[in-house]
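The values are calculated or read from the model by the stated rules, or taken from the named source; none is laboratory data. Computed from a predicted structure; not experimentally measured. Counting neighbours? That spans all protein chains shown, and the Cβs are built from the backbone with ideal geometry, glycine included. Quick note on the areas: whole protein, heavy atoms, side chains included, nothing else; ligands and nucleic acids left out. Shrake-Rupley method; radii C 1.70, N 1.55, O 1.52, S 1.80 Å.
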Amino acid sequence: MGQLLTLFAKGIMCNIFVCLAVLIGFARRTVTGKVIGIILPISPSCRQWPLRVE
């Protein structure tokens, strides 16, 4: 049950990071700002990909 809760929490955090990246992408005016603003919030969640249950 603990692993399922951990995966659920990680999924929620990944979705929050993706939503944050979308908002930052809309807020920036330059292409460079958009790319950096999109990559930075998503990169911590990609470090744990794929999510596995052991």
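From the list R52, R29, which one is assigned to a loop (DSSP other than H, G, I, E, B) and at pLDDT 80 or above?
Details: R52 fails: at pLDDT 80 or above.
Result of the check over R52, R29: R29.
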- Mind checking whether some residue in the range 36-48 is open to solvent by less than 60 Å² (accessible area, probe 1.4 Å), touching a Gly at 6+ places or on another chain (Cβ under 9 Å) and either on the phi > 0 side of the Ramachandran plot or modelled with pLDDT of 80 or more (or both)? yes
- Item | Cross-chain or 6+ apart pairs with Cβ under 8 Å, the range 26-41 first and in contact (Cβ under 8 Å) with a residue 24 or more places away in the chain, then assigned to a helix (DSSP H, G or I) | P41/F17; P41/V18; P41/L20; P41/A21; P41/I24
